[in-house]
Amino acid sequence: MIRVLFVCLGNICRSPLAEGIFQRLIEHNNLMDSILCDSCGTSNYHIGGQPDPRTKENAILNGVPLNHKARQFTVDDFNDFDYIIPMDSDNYNDIMSFPEAKFSNSVIKLMRAYDSEGKGEDVPDPYFGGSQGFQNVYTILDRSCNVLLQELIS
Ligand code: 4NP
């Protein structure tokens, strides 16, 4: 089983949408027995909370089922996941600041390392903006998730 974890700050906007998009891809490709995914946040701001209402609205608009309650990243995730995919460089640096990161066998790589456009950039945080920001995030995540899946199955 290949285990993939998407990480953002609050785990209510970007990473739950990434998880929903990737889960949809897993199911469309009938890979449920070989790949699983989850998401979490580096912060404790929204633990136990549902995705942001704007994330939910965007997910419905794009036909992405969301089924996630926010949780915080823990050092166990270094063992529990093969791929740890932070949305931006702050999330990346926060993960890498755990001493356990040095001993981890996980691939820890930015989401947009897999983006065919804007490679290596941040997935912009849509929290303080309007709904257009959420659609922009969806477009970036959809593109990146497709490339990530291709890498996992090739
Ligand atoms: P996310 O967005 O990291 O994509 O879930 C945010 C959610 C909440 C906050 C910031 C970003 N916040 O400051 O509460």
Margin query: Using a Cα-Cα cut-off of under 20 Å, which lysines could be cross-linked to Lys69, ignoring same-chain neighbours fewer than 8 residues away?
Written below: Lys56
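Shape call for region 3-89 from the C-alpha gyration tensor, a ≥ b ≥ c root eigenvalues: rounded (a/c under 1.5), prolate (a/b greater than b/c) or oblate? It would help to have the intermediate numbers written out before the result.
Numbers: a/c = 2.01, a/b = 1.04, b/c = 1.94.
Judged from the Cα gyration tensor, region 3-89 comes out oblate (a/c at least 1.5, b/c at or above a/b).
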Checklist line | Distance in nm between pseudo-label sites at Asp82 and Ala101 (7 Å out along the Cβ direction from Cα) | finding: 2.3
Checklist line | Length released on extending from Glu57 to Gln150, taking residue separation times 0.36 nm less the Cα-Cα span | finding: 30.7 nm
Check: So, by mean Cβ neighbours within 10 angstrom, what's the order for 35-48, 75-88, 97-110, 13-26 with the highest one leading?
Finding: 13-26, 75-88, 35-48, 97-110
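What does the net charge come to around Asp38 if you take all other residues with beta carbon closer than 13 Å to its beta carbon, with K and R at +1 and D and E at -1?
-2
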Next item on the list: Check the straight Cα-Cα distances from Lys102 and name the aspartates and glutamates below 19 Å, setting aside those fewer than 8 residues away within the same chain.
Entry: Asp76, Asp77, Asp80, Asp82, Asp90, Asp94
Checklist line | For region 42-54, 3J(HN,Hα) per residue [Karplus equation, 6.51 cos²θ - 1.76 cosθ + 1.60, θ = phi - 60°, Hz, x = Gly/Pro] | finding: 6, 9, 9, 4, 10, 3, x, x, 6, x, 3, x, 6
Notebook entry, point to check: So who's got an amide H within less than 5 Å of the one on Phe6, skipping anything under 5 residues away but keeping other chains? H placed 1.01 Å off N, in plane.
Noted result: Asp38, Ser39, Cys40, Ile85
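With a ≥ b ≥ c taken as the square roots of the eigenvalues of the C-alpha gyration tensor of region 52-154, please select rounded if a/c is under 1.5 and otherwise prolate if a/b is larger than b/c or oblate if it is not?
It comes out prolate by the Cα gyration axes.
If you take the beta carbon distance between Gln132 and Asn67 as r and set R0 to 41 Å, what does 1/(1 + (r/R0)^6) give as a FRET efficiency, to the nearest 0.05? Let's see the in-between values first.
On the way: r = 25 Å, r/R0 = 0.62.
Efficiency computed from Cβ-Cβ geometry: 0.95.
None of the figures in this text is laboratory data; all of them are computed from the coordinates on show. All values derive from a computational prediction rather than experimental measurement. Positions of Cβ are backbone-derived with ideal geometry, glycine not excepted, and every protein chain shown enters the neighbour counts.
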